[in-house]
Amino acid sequence: MKISHVLSGLALTALVSGAALAQAPAPAGSAPPGQPEIKTIGDWAVRCYPMQSASPCDMFQQQNDAKSQQRILALSIAYIPHLDRHAIQISVPLGVAVAPGVIMHTATFSSPSMPYRRCDRGGCYVEMLIDNATIDQLSHGGDSAMVKITADDGKNYDLKISLNGFGAAHDQMAELAKQKAKAPPPAAAAPAAPGK
């Protein structure tokens, strides 16, 4: 099975569900029916959605403009237990140069360029599987990471994301995902062609 099919069918279910990046996380507590359960750990929200999914939980952080409260950056990471992989969604405003993609970096780590998968009225999105080594680097990345984007005019911008609580939030999210995940059924074999 191609990774793109896994992304389309599994990894992004929780990440791009209706509430995933459209709204800031609600306060922690008991969730109303259909809404995610949310726990705050450091500067991260750990969310588990009440749905049958291979990745029902994610960890999420959003940065808004202080004046307009418009979303500047949102980052969501989900763990997919049956693949032992992570999926990431990074959301940035429109007006970015798409070709350079996004680079995450800390004082000791820099990711490869991550391509945008799509843009809509709400912004442009990186949506992809990432390796576990990237998560390990972020867990030990210090107080913050930067998300480097390039604007249409060619200027580079570093958008800051807090790593306060990242490791603990990740561990909690991964454990909850293991408990709640429903592995997809194995691919069904194609029926044999009828004989003549």
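In the condition set (1) at pLDDT 95 or above; (2) of a type outside the set (A, V, I, L, M); (3) crowded, with 22+ Cβ neighbours inside 10 Å, Pro36 is compliant with all but (1). Checking every residue in the range 85-107 against the condition of being assigned to a strand (DSSP E or B) and surrounded by fewer than 16 Cβ atoms within 10 Å (Cβ to Cβ) gives at least one match. Checking the range 147-165 against the condition returns a match, with at least one residue being more than 24 Å from Ile38 (Cα to Cα) and either touching a Cys at 6+ places or on another chain (Cβ under 7 Å) or surrounded by 20 or more Cβ atoms within 10 Å (Cβ to Cβ) (or both). The criterion of being part of a helix (DSSP H, G or I), out of contact with any Leu (no Cβ under 7 Å at 6 or more places or on another chain) and surrounded by fewer than 14 Cβ atoms within 10 Å (Cβ to Cβ) does not hold for Gln172. Annotation: of all residues in the range 137-151 being among the hydroxyl-bearing types (Ser, Thr, Tyr) and assigned to a strand (DSSP E or B), the one that is farthest from Val92 (Cα to Cα) is Ser144.
Scanning the range 103-128 for residues that are within 18 Å of Arg85 (Cα to Cα) and of a type in the set (Ser, Thr, Tyr) yields a single hit, Ser111. Taking the range 113-124 as the range and being within 19 Å of Lys155 (Cα to Cα) and either surrounded by 17 or more Cβ atoms within 10 Å (Cβ to Cβ) or at pLDDT below 95 (or both) as the test, the residues that pass are Met114, Tyr116, Gly123, Cys124. Select from the range 152-163 the residues that are outside any strand (DSSP E or B) and touching a strand residue (DSSP E or B) at 6+ places or on another chain (Cβ under 8 Å) and write down the one among them that is nearest to Leu73 (Cα to Cα). So, considering only residues that are outside any strand (DSSP E or B) and touching a strand residue (DSSP E or B) at 6+ places or on another chain (Cβ under 8 Å), the one nearest to Leu73 (Cα to Cα) is Leu163. What about Pro50, is it surrounded by fewer than 19 Cβ atoms within 10 Å (Cβ to Cβ) and either at pLDDT below 90 or of a type in the set (Asp, Glu) (or both)? Considered against the rule, which asks whether it is surrounded by fewer than 19 Cβ atoms within 10 Å (Cβ to Cβ) and either at pLDDT below 90 or of a type in the set (Asp, Glu) (or both), Pro50 comes out as yes.
Looking at Ser110, Ser76, just one residue is buried (at least 17 other Cβ atoms within 10 Å of the Cβ) and among the small types (Gly, Ala, Ser), and that residue is Ser76.
To keep it simple, each residue is scored yes or no on (1) in contact with a strand residue (DSSP E or B) (Cβ under 6 Å, 6 or more places away or on another chain); (2) modelled with pLDDT under 95; (3) within 17 Å of Asn164 (Cβ to Cβ).
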{"residue": "Pro56", "(1), (2), (3)": "yes, yes, no"}
{"residue": "Phe60", "(1), (2), (3)": "yes, no, yes"}
{"residue": "Lys67", "(1), (2), (3)": "no, yes, no"}
{"residue": "Ala78", "(1), (2), (3)": "yes, no, no"}
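The values are calculated or read from the model by the stated rules, or taken from the named source; none is laboratory data. No experiment lies behind these values; they were computed from the predicted model shown. No Cβ is skipped: glycine too gets one built from the backbone with ideal geometry, and neighbour counts run over all protein chains shown.
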